[in-house]
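The values are calculated or read from the model by the stated rules, or taken from the named source; none is laboratory data. Quick caveat, the model's predicted, so the values are computed rather than measured. Glycine also receives a Cβ, built like all others from the backbone with ideal geometry; neighbour counts cover every protein chain displayed.
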Amino acid sequence: MRRALLWFALCLLPMLAMAQAIQPLPFRDRAEEVRFQKLSSELRCPMCQNETLADSNAPIAHDLRRQVFEMIQAGKSDDEIKSYLVDRYSQFVLYKPPVEPSTWLLWFGPLVVLAAGAIVVAVQVRRRARQNPTAATPANDTEDDW
Amino acid sequence: MSRLIPFFAFIALVGLFGFGIWWNTRHDQHEIVSPLIDKPAPAFVLPVLGEPARTVDKASLLGKPYFLNVFASWCIECVHEHPMLMTDMKQLGLPLVGFNYKDDPEAATSWLAEHGNPFDVIVADRDGRAGIDFGVYAAPETFLVDAKGVIRYKRIGPITPDVIEKEIRPALAALAKEAP
């Protein structure tokens with residue numbers, strides 16, 4: 001029993017690390033905290049570039065979280081806070097880049113590739129259907145066997 | 001002919017991935033191009049390191065181009081960069097303004113005593129707020145600010161002889177061309 005308890009306590013230890021990762025901020029209410037968490041998880045830490053501001057433990061992430069927090073307290077909107085950071089750290093800090101000419105490839109590129117694939121498939125299916133309209137099984141399919 | 005299509009598709013993919021590898025050898029994926037380049041440097045008023053009563057602001061530095069070097073005693077790369085500031089950067093003949101970023105003043109002073117002080121003046125940004133305005137995210141960083149207070153160039157990471165030759169000298173030449 002004691003052993004089991006010890007194991008249980010050990011398993012809980014990693015949670016301590018999580019609990020300490022983010023500095024406590026004096027939120028006015030729950031809604032403000034939720035808003036802060038949502039906003040900081042949409043922003044990217046400029047230093048450790050695959051982490052959000054919310055997740056990162058880098059000093060700059062700490063400072064930027066403080067900045068975001070203070071701007072929320074000062075009554076700034078989410079867009080104002082985002083553009084404040086974009087002005088200083090470029091659009092790189094946005095996990096969701098805006099749709100504009102320079103990001104069209106990013107946003108619509110996958111759709112273009114998908115459409116190209118669909119066209120190839122459609123052409124192939126039609127061609128095969130024309131070549132052997134009766135045979136359901138590709139027993140005599142010697143040409144396009146890829 | 002259509003049998004060769006997969007082969008060509010394969011070659012196209014090899015080309016694409018090869019281009020990706022080539023591109024990554026030439027570009028630092030960690031470098032965020034600063035949106036502040038060719039924009040006025042942010043206004044700041046910061047105390048001088050070691051003399052908290054004296055402040056330096058953006059206006060007092062106008063009139064002559066200068067380098068602003070972000071450094072800190074906790075910054076490991078700064079130690080590697082420092083000899084370049086002491087020699088090659090000084091020889092470029094521009095004032096060197098130190099931007100002591102999120103540092104303890106005493107630690108910074110003894111760090112400079114140990115490694116040498118190449119700076120004409122050092123401002124201290126203890127809480128990193130002015131650093132955010134400059135888009136600083138990792139020391140060392142170096143800005144070139146022109147006589148009108150516009151940021152003309154930014155280096156993220158240590159200055160090396162290569163950086164001076166390939167980036168800083170051309171930036172200085174561009175400055176000299178427009179203001180004879």
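Give the number of residues within the range B:27-80 that are assigned to a loop (DSSP other than H, G, I, E, B) and of a type outside the set (A, V, I, L, M).
First, the residues of the range B:27-80 that are assigned to a loop (DSSP other than H, G, I, E, B): B:27-39, B:41-44, B:49-50, B:58, B:62-65, B:72-75.
Next, only the ones that are of a type outside the set (A, V, I, L, M) stay: B:27-31, B:34-35, B:38-39, B:42, B:44, B:50, B:58, B:63-65, B:73-75.
Going through the range B:27-80 one residue at a time, the tally reaches 19.
Would you check if there is a residue in the range B:79-97 being surrounded by 13 or more Cβ atoms within 10 Å (Cβ to Cβ) and of a type in the set (Asp, Glu)? Break it down into steps so the answer makes sense when it comes.
We begin by selecting, within the range B:79-97, every residue surrounded by 13 or more Cβ atoms within 10 Å (Cβ to Cβ); these are B:79-86, B:88-90, B:92, B:94-97.
Filter once more, so that each one left must be of a type in the set (Asp, Glu): B:81, B:88.
Yes, the range B:79-97 contains at least one residue that is surrounded by 13 or more Cβ atoms within 10 Å (Cβ to Cβ) and of a type in the set (Asp, Glu).
Can you pull out the residues in the range B:123-152 that are away from chain A (no Cβ under 12 Å), of a type outside the set (Val, Ile, Thr) and touching a Pro at 6+ places or on another chain (Cβ under 9 Å)? First the steps, then the outcome.
Quick first cut of the range B:123-152, residues away from chain A (no Cβ under 12 Å) only: B:123-124, B:140, B:142-150, B:152.
Going one step further and asking which of them are of a type outside the set (Val, Ile, Thr), we end up with B:124, B:140, B:143-144, B:146-149, B:152.
Matches in the range B:123-152: B:ALA124, B:PRO140, B:LEU144, B:ASP146, B:ALA147, B:LYS148, B:GLY149, B:ARG152.
Name the residues in the range B:93-113 that are at pLDDT 90 or above and over 15 Å from B:LEU49 (Cβ atoms), would you?
B:LEU94, B:PRO95
Residue check, B:LYS58 against (1) within 14 Å of another protein chain (Cβ to nearest Cβ); (2) closer than 23 Å to A:ILE60 by Cβ, all met but one. Which one?
(1)
Those residues that are within 14 Å of chain A (Cβ to nearest Cβ) and among the β-branched types (Val, Ile, Thr), I need them from the range B:12-33; list them, please.
Hits for the range B:12-33 are B:ILE32, B:VAL33.
When you scan the range B:106-129, how many residues do you find that are among the polar types (S, T, N, Q) and loosely packed, with under 15 Cβ neighbours inside 10 Å?
Applying the first criterion (among the polar types (S, T, N, Q)) to the range B:106-129 yields B:109-110, B:117.
Right, trim to loosely packed, with under 15 Cβ neighbours inside 10 Å and you get B:110.
The number of residues fulfilling the criteria is 1.
Output yes when any residue across the range B:149-166 is more than 26 Å from B:PHE44 (Cα to Cα) and in contact with a Leu (Cβ under 8 Å, 6 or more places away or on another chain), and no when none is. Give the steps one after another, and end with the answer.
Just the residues of the range B:149-166 that are more than 26 Å from B:PHE44 (Cα to Cα), to begin with: B:160-166.
Of the ones still in play, those that are also in contact with a Leu (Cβ under 8 Å, 6 or more places away or on another chain) are B:164.
There is at least one residue in the range B:149-166 that is more than 26 Å from B:PHE44 (Cα to Cα) and in contact with a Leu (Cβ under 8 Å, 6 or more places away or on another chain).
Quick one: count up the residues across the range A:24-56 that are polar (S, T, N, Q) and within 14 Å of another protein chain (Cβ to nearest Cβ).
From the range A:24-56, those polar (S, T, N, Q) are A:37, A:40-41, A:49-50, A:52, A:56; that's our starting set.
Filter again for within 14 Å of another protein chain (Cβ to nearest Cβ), leaving A:49-50, A:56.
Result for the range A:24-56: 3.
Can you tell which of A:PHE92, A:PHE69, A:PHE108 is within 14 Å of chain B (Cβ to nearest Cβ) and out of contact with any Leu (no Cβ under 7 Å at 6 or more places or on another chain)? Steps first, answer last, please.
Working: A:PHE69 fails: out of contact with any Leu (no Cβ under 7 Å at 6 or more places or on another chain); A:PHE108 fails: within 14 Å of chain B (Cβ to nearest Cβ).
Only one candidate qualifies: A:PHE92.
Of everything in the range A:82-106, what is over 19 Å from the mean Cα position of the chain (by Cα) and surrounded by 14 or more Cβ atoms within 10 Å (Cβ to Cβ)? Give them in sequence order.
Matches in the range A:82-106: A:TYR84, A:ASP87, A:ARG88.
So which of B:ALA72, B:ALA59, B:ALA107 is farther than 26 Å from B:ALA171 by Cα and assigned by TED's automatic domain parsing to the domain that holds B:GLU141? Let's see the steps before the verdict.
On the way: B:ALA72 fails: farther than 26 Å from B:ALA171 by Cα; B:ALA59 fails: farther than 26 Å from B:ALA171 by Cα.
Of the residues listed, the single one that is farther than 26 Å from B:ALA171 by Cα and assigned by TED's automatic domain parsing to the domain that holds B:GLU141 is B:ALA107.
For B:ASP103, indicate whether it is buried (at least 17 other Cβ atoms within 10 Å of the Cβ), assigned to a loop (DSSP other than H, G, I, E, B), free of Cβ contacts under 8 Å to residues at least 60 places away in the same chain and within 14 Å of another protein chain (Cβ to nearest Cβ). Spell out the reasoning first.
On the way: buried (at least 17 other Cβ atoms within 10 Å of the Cβ): yes; assigned to a loop (DSSP other than H, G, I, E, B): yes; free of Cβ contacts under 8 Å to residues at least 60 places away in the same chain: yes; within 14 Å of another protein chain (Cβ to nearest Cβ): yes.
Yes.
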